[in-house]
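Engineer: My questions will all concern the structure given below.
Laboratory data are not the source of any read-out in this text; all were calculated from the coordinates shown. This is a predicted model, so every value here is computed, not measured. Cβ atoms come from the backbone with ideal geometry, glycine included; neighbour counts cover every protein chain shown.
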Amino acid sequence: MLYIVPTPIGNLQDITLRALEILKKVDLILAEDTRTSSKLLNHYSIQKPLTPFHQHNEHQVLQHIISQLEQGKTMAIITDAGTPGISDPGFLLVRECIRAGIKVECLPGATAFVPALVNSGLPSDRFCFEGFLPLKKGRHTLLTKLADEERTIIVYESPVRLLKTLADFIQYFGDSRKCSVSRELSKMFEENVRGTLKEVHEHFRDKNIKGEIVIVLEGKTL
């Protein structure tokens with residue numbers, strides 16, 4: 001049995017009672033970064049074996065984990081923040097479990113793009129989620145395609161690349177396109193900046209940007 005367990009994106013209180021119950025009862029917890037996850041588990045006095053499972057080792061350890069699950073072990077997979085599989089490790093493991101006939105259960109919980117989208121003031125009935133944009137190869141092709149996307153667009157970004165991505169958006173979409181940038185969601189210094197791409201770019205231009213970033217961008221208007 002494999003449980004997909006979302007963890008808080010910032011505030012440690014944003015974890016469900018059921019998630020805590022699952023983490024306390026499984027045999028093993030797969031963690032993207034065991035140091036980060038240990039802080040959460042220690043906060044709730046959960047003492048379970050942790051093993052690393054991240055983008056740099058998931059291919060190497062995948063079959064070993066499947067073998068343990070087939071032998072009857074129960075496991076939970078967690079990431080540093082949010083729901084595993086959403087721009088974080090998890091997809092490969094879930095796919096392999098399904099192929100092997102191993103039961104998989106995904107708990108509802110935190111995902112950064114949902115509060116960012118709802119809080120943006122942009123249409124949330126139809127949207128496309130692109131995760132992290134390609135750094136080089138494929139970036140031009142994707143941005144050219146997204147320039148004609150009529151649904152609200154959501155992307156993740158790191159603080160060091162925020163200004164470059166906003167500048168790219170201005171180049172491909174025009175500086176008057178509306179957007180919202182959310183950072184440090186659910187934390188003490190949460191910030192949501194809304195306006196045109198030009199206004200938002202100017203807001204962050206001379207700032208020391210910190211925290212994980214969610215950009216919500218208005219779709220192309222007819």
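Engineer: Compute the helix-to-body angle for 58-70: its Cα long axis versus the longest principal axis of the chain, expressed 0 to 90° and rounded to tens.
Structural biologist: That helix lies at roughly 40 degrees to the long axis.
Engineer: Okay, moving on. Just to confirm the filter: which chymotrypsin sites (Phe, Trp or Tyr not before Pro) across the range 1-92 are DSSP coil and have at most 15 other Cβ within 10 angstrom of their Cβ? All intermediate terms of the calculation are to be shown ahead of the outcome.
Structural biologist: Working: sites: 3, 44, 53, 91; in loops: 44, 53.
Qualifying residues, ordered by number: 44.
Engineer: Past 26 Å, Cα to Cα, is the threshold; run 145/198; 145/187; 39/136; 178/210; 187/207; 145/178 against it and keep the listed order.
Structural biologist: In this structure, 145/187; 39/136 lie more than 26 Å apart at Cα.
Engineer: Sticking to Cα atoms, compute the Rg of the chain to one decimal and its Dmax as the biggest Cα-Cα distance, whole number, in Å.
Structural biologist: 19.0, 57
Engineer: Please work out the Cα convex hull volume for the range 113-217 and give it in Å³ per residue.
Structural biologist: Convex hull volume per residue, Cα atoms: 88 Å³.
Engineer: Give, rounded to the nearest 20 debye, the magnitude of the charge dipole that the chain has about its Cα centre when Lys and Arg contribute +1 at Cβ and Asp and Glu contribute -1 at Cβ.
Structural biologist: Numbers: 28 positive and 27 negative charges, 39 e Å.
In debye, rounded to 20, the chain gives about 180.
Engineer: Once phi is turned into θ = phi - 60°, what whole-Hz ³J(HN,Hα) does the Karplus curve with 6.51, -1.76 and 1.60 give for every residue of the range 197-209, x standing for Gly and Pro?
Structural biologist: 4, 5, 5, 5, 4, 5, 4, 8, 4, 10, 10, 8, 7
Engineer: Sticking with this one: Among the GluC sites (Glu not before Pro) in the range 83-179, which ones are in a DSSP loop with at most 16 other Cβ atoms within 10 Å of the Cβ? Mind listing them?
Structural biologist: On the way: sites: 96, 105, 130, 149, 150, 157; in loops: 149, 150.
Loop-located and lightly packed - 149, 150.
Engineer: Oh, and also: Over the range 113-217, what relative contact order in percent results from Cα pairs under 8 Å that are six or more residues apart? If you can, show how the numbers build up before the last one.
Structural biologist: Values: 162 pairs, mean separation 35.6, N = 105.
In percent, rounded to a whole number, it is 34.
Engineer: Can you give the local net charge around residue 132? Use residues other than it whose beta-carbon is closer than 10 angstrom to its beta-carbon, Lys and Arg +1, Asp and Glu -1.
Structural biologist: For residues surrounding residue 132, the net value is -1.
Engineer: While we're looking at this one, here's another question. What angle, in degrees between 0 and 90 and rounded to the nearest 10, separates the Cα long axis of helix 162-173 from the longest principal axis of the Cα atoms of the chain?
Structural biologist: That helix lies at roughly 60 degrees to the long axis.
Engineer: Mind checking Rg over Rh on the range 2-106, alpha carbons, Kirkwood formula for Rh? Write down the numbers at each step before the final one.
Structural biologist: Values: Rg = 12.6 Å, Rh = 13.6 Å.
My calculation of the ratio gives 0.93.
Engineer: Moving on. How high is the relative contact order of the chain, in percent, with contacts defined as C-alpha pairs under 8 Å that are six or more residues apart? Don't jump to the answer; show the numbers that get you there.
Structural biologist: Working: 394 pairs, mean separation 48.4, N = 222.
Once divided by the residue count of the chain, the mean separation gives 22 percent.
Engineer: Now, a different point. Can you list the chymotrypsin sites (Phe, Trp or Tyr not before Pro) in the range 143-215 that are in a DSSP coil and have 14 or fewer other beta carbons within 10 angstrom?
Structural biologist: Numbers: sites: 156, 169, 172, 173, 189, 204; in loops: 189.
Those satisfying the criteria are 189.
Engineer: Follow-up. Treating only the Cβ of Lys, Arg, Asp and Glu as charged (+1, +1, -1, -1), what charge dipole size does the range 113-217 show about its Cα centre? Round to the nearest 20 debye. Display every interim value, and only then the final one.
Structural biologist: Working: 17 positive and 15 negative charges, 61 e Å.
Result for the range 113-217 is approximately 300 debye, rounded to the nearest 20.
Engineer: Could you please report the charge total around residue 53, scoring K, R as +1 and D, E as -1 over all other residues with beta-carbon less than 11 angstrom from its beta-carbon? All intermediate terms of the calculation are to be shown ahead of the outcome.
Structural biologist: On the way: positive: none; negative: 32, 33, 58, 88.
Computed value for this residue: -4.
Engineer: Rounded to the nearest 500, what is the chain's calculated 222 nm mean residue ellipticity when only DSSP H runs of at least 4 contribute -39500 (n - 2.57) each, over all residues? Could you put the intermediate results ahead of the total?
Structural biologist: Working: 8 runs with 79 residues, N = 222.
Rounded to the nearest 500, it is -10500 deg cm²/dmol.
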